[in-house]
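Step one of this worksheet: look at the structure below.
The values are calculated or read from the model by the stated rules, or taken from the named source; none is laboratory data. Small disclaimer: the values here were computed from a predicted structure and weren't measured. Backbone-built Cβ (ideal geometry, glycine too); neighbour counts: all protein chains shown. Note: areas computed on protein heavy atoms with side chains; ligands, DNA, RNA excluded. Shrake-Rupley method; radii C 1.70, N 1.55, O 1.52, S 1.80 Å.
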Amino acid sequence: MIRLSNIEKRFGELTVLKGVSVTVAEGRVTALIGPSGGGKSTLLRCINLLEIPTSGTVRIGEEELSFQPGGKPTWKDIQRLRGQTGMVFQNFQLFPHRTAVENVMEGLVTVQKWPAEKARERAMALLHKVGMAHKADAWPATLSGGQQQRVAIARALAPSPRVLLCDEPTSALDPELSGEVVEVLGTLAAEGTTMVMATHDLRLASRIAHEVVFLDGGEVVETGPSRELFTHPKRERTQRFIATLTQQGQQGEGV
Amino acid sequence: MLHWLTLMADSLPSLLWAALVFTVPLTLASFALGLTVGLVAAVVRLFGPAPLAAVVRFYVWIIRGTPLLVQLFLIFYGLPSVGIVLDAFPAALIGFTLNVGAYTSEIIRAVIGSVPKGQWEAAYSIGMSWSQAMRRTILPQAARVAVPPLSNTFISLVKDTSLAAAITVPELFQAAQRIVATSYEPLILYVEAALIYLALSSILSALQVRLERRFGQYGGFLEAKS
Ligand SMILES: Nc1ncnc2c1ncn2[C@@H]1O[C@H](COP(=O)(O)OP(=O)(O)OP(=O)(O)O)[C@@H](O)[C@H]1O
Ligand SMILES: [Mg+2]
């Protein structure tokens, strides 16, 4: 279970998250949606502590960490929480100097000190899962965006994180390529992978999210089961946002 | 004409010997040491505490802003006045190391900064510490971009070691000067010395090509912006 309680994040004078509380149950997929600048990425990055919350509490499984303004968490505490997470980035961020399989092995070998052979075995199994085993020895630069993102998903899963965080995993991809990534994420969701993802992709959100959190201006405006929230949003702000998403989806080839 | 050829043949062994025993070791040692100094200085400037970073900035300012020849004279002829007496070779080694350190620190600082921030985040996201991220993710990518400018520094250094002649190091150029003093054939001997420098720097250029090829195998940089 992941529980974010009263997360506040300030960048200097700017308050980007204003006391956000979200709970994600084990094995569930939560989509963060909302207008640009609403704080989705920041909230995700507060879960794996790429951003340190100004105040609030982050709990992932058995590990919990509280933050106070001016306090600085120790490296050990950060690692303790971060170790429970894996992250998929909008721009993939594969290591360009390592082949696909080396990218997936990197965390196991460098951080967890696995022997290379064992790490390679696990990495190959994960590449199989995302349909990239045939490109195991390819350099990232020679892969399509969709292929890179699938390798990145395998890399994030390698250390067996409790939760997979995805920041707009499909938005750098055209509809066809994003289809293959949605496919992979859908399979993971069906297998019970806990996920939190920020997305503008209605297809992605409606297809695999169980819960949806609508974030606007650094606040949770509405949250609920995805079908309900997409079809019968309660708040007017949510209604308006979903209407624009659907429109965009129809105009583009997205949905 | 024949006289020139004989002179060349006669002097070649002693010039090559001077290159082998002084020029080449001086170049290799001061480049290796200077690169280490440069790496430390760059990391301090990028990530270190402000006062230390200021010290590094001061060091780079002094070294880049004053002539290398003056620096060598200060170390070899100047320092004895405050009780620090150095042999010619160590004095030259220190001078060139400090010089290479200052120039390469600027190069290394720039190439480390050129690796996209997302690469740090990707490294952190799979659990790496700062030093693991630096070693495994950032430096290898920075090294690739650094090969051409560092090769420039290296090649300049080979030629700059001729300045050590002025502080009595019997390296290649000084060996040539000494033979000129007895043979009165400056043209032929200085051409000969120049050709040896040219050969040395050509070897380094070839090395650069090979390094670039090796680092280049993984293809273009990903469009990893933002
Ligand atoms: N490092 C930072 N320094 C200062 N301000 C920041 C920083 N990171 C984010 N912000 C600000 O925080 C706000 C929320 O940004 P965030 O990236 O979380 O939004 P988002 O919901 O992910 O938007 P998008 O849909 O465009 O990705 C924005 O106003 C942004 O400018
Ligand atoms: Mg975002």
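Looking only at region A:53-61, decide whether some residue is of a type in the set (D, E, K, R) and within 16 Å of ligand 1 (Cβ to nearest atom). For region A:53-61, residues of a type in the set (D, E, K, R) and within 16 Å of ligand 1 (Cβ to nearest atom): absent. Scanning region A:160-183 for residues that are modelled with pLDDT under 95 and not in a loop (DSSP other than H, G, I, E, B) turns up A:PRO175, A:GLU176, A:LEU177, A:SER178, A:GLY179, A:GLU180, A:VAL181, A:VAL182, A:GLU183. Report whether or not B:ALA165 is within 20 Å of the chain's Cα centre (by Cα) and small (Gly, Ala, Ser). In short, yes. Taken across region B:120-142, residues that are at pLDDT below 95 and away from chain A (no Cβ under 14 Å) do not occur at all. Residues that are within 25 Å of A:PRO169 (Cα to Cα) and either open to solvent by 20 Å² or more (accessible area, probe 1.4 Å) or under 26 Å from the mean Cα position of the chain (by Cα) (or both) within region B:110-129 comprise B:SER114, B:VAL115, B:PRO116, B:LYS117, B:TRP120, B:GLU121, B:TYR124, B:SER129, listed in sequence order.
Scanning region B:200-216 finds one or more residues that are of a type in the set (Ser, Thr, Tyr) and open to solvent by less than 30 Å² (accessible area, probe 1.4 Å). Can you work out which of the residues in region A:37-60 that are open to solvent by less than 10 Å² (accessible area, probe 1.4 Å) and over 19 Å from A:VAL212 (Cβ atoms) is farthest from ligand 2 (Cβ to nearest atom)? Out of the qualifying residues, it is A:ILE60.
Of all the numbered requirements in (1) aliphatic (A, V, I, L, M); (2) free of Cβ contacts under 8 Å to residues at least 60 places away in the same chain; (3) open to solvent by less than 10 Å² (accessible area, probe 1.4 Å), A:LEU65 misses one, and that requirement is (3). Within region A:74-100, residues that are more than 9 Å from chain B (Cβ to nearest Cβ) and more than 22 Å from A:SER144 (Cβ to Cβ) have Cβ atoms under 7 Å from residues that are assigned to a strand (DSSP E or B) and open to solvent by 10 Å² or more (accessible area, probe 1.4 Å) in these pairs: A:ASP77/A:LEU65; A:ARG80/A:GLU63; A:LEU81/A:GLU63; A:LEU81/A:LEU65; A:GLN84/A:GLU63, counting only partners at least 6 apart in sequence or on another chain. Checked against the criteria, B:VAL55 counts as surrounded by fewer than 16 Cβ atoms within 10 Å (Cβ to Cβ), free of Cβ contacts under 8 Å to residues at least 24 places away in the same chain and part of a helix (DSSP H, G or I). Is at least one residue of region A:75-93 more than 17 Å from the chain's Cα centre (by Cα) and part of a loop (DSSP other than H, G, I, E, B)? No, region A:75-93 contains no residue that is more than 17 Å from the chain's Cα centre (by Cα) and part of a loop (DSSP other than H, G, I, E, B). Checking A:CYS46 against (1) more than 16 Å from ligand 1 (Cβ to nearest atom); (2) in contact with a strand residue (DSSP E or B) (Cβ under 7 Å, 6 or more places away or on another chain); (3) of a type outside the set (S, T, N, Q); (4) in a helix (DSSP H, G or I), only one condition comes out false. Which one? Among (1) more than 16 Å from ligand 1 (Cβ to nearest atom); (2) in contact with a strand residue (DSSP E or B) (Cβ under 7 Å, 6 or more places away or on another chain); (3) of a type outside the set (S, T, N, Q); (4) in a helix (DSSP H, G or I), the lone unmet condition for A:CYS46 is (1). Evaluating B:THR168 against the criteria (1) touching a helix residue (DSSP H, G or I) at 6+ places or on another chain (Cβ under 7 Å); (2) surrounded by 16 or more Cβ atoms within 10 Å (Cβ to Cβ) leaves one unmet condition, (2). For A:THR110, the conditions (1) out of contact with any Lys or Arg (no Cβ under 6 Å at 6 or more places or on another chain); (2) within 13 Å of another protein chain (Cβ to nearest Cβ) all hold with the exception of (1).
Take region B:29-42 and flag every residue that is under 8 Å from the mean Cα position of the chain (by Cα) and of a type in the set (A, V, I, L, M, F, W, C). Passing the criteria: B:PHE31, B:ALA32, B:LEU35. Being in a helix (DSSP H, G or I), touching an Asp or Glu at 6+ places or on another chain (Cβ under 8 Å) and free of Cβ contacts under 8 Å to residues at least 60 places away in the same chain is a property that holds for B:VAL60. Taking residues in region B:81-100 that are assigned to a loop (DSSP other than H, G, I, E, B), and partners anywhere that are of a type in the set (A, V, I, L, M), the pairs with Cβ atoms closer than 7 Å and at least 6 places apart or on different chains are B:LEU86/B:ILE75; B:LEU86/B:LEU79. Of all the numbered requirements in (1) assigned to a loop (DSSP other than H, G, I, E, B); (2) away from ligand 2 (no atom under 12 Å from the Cβ); (3) more than 14 Å from every other protein chain (Cβ to nearest Cβ); (4) surrounded by fewer than 19 Cβ atoms within 10 Å (Cβ to Cβ), A:THR15 misses one, and that requirement is (1).
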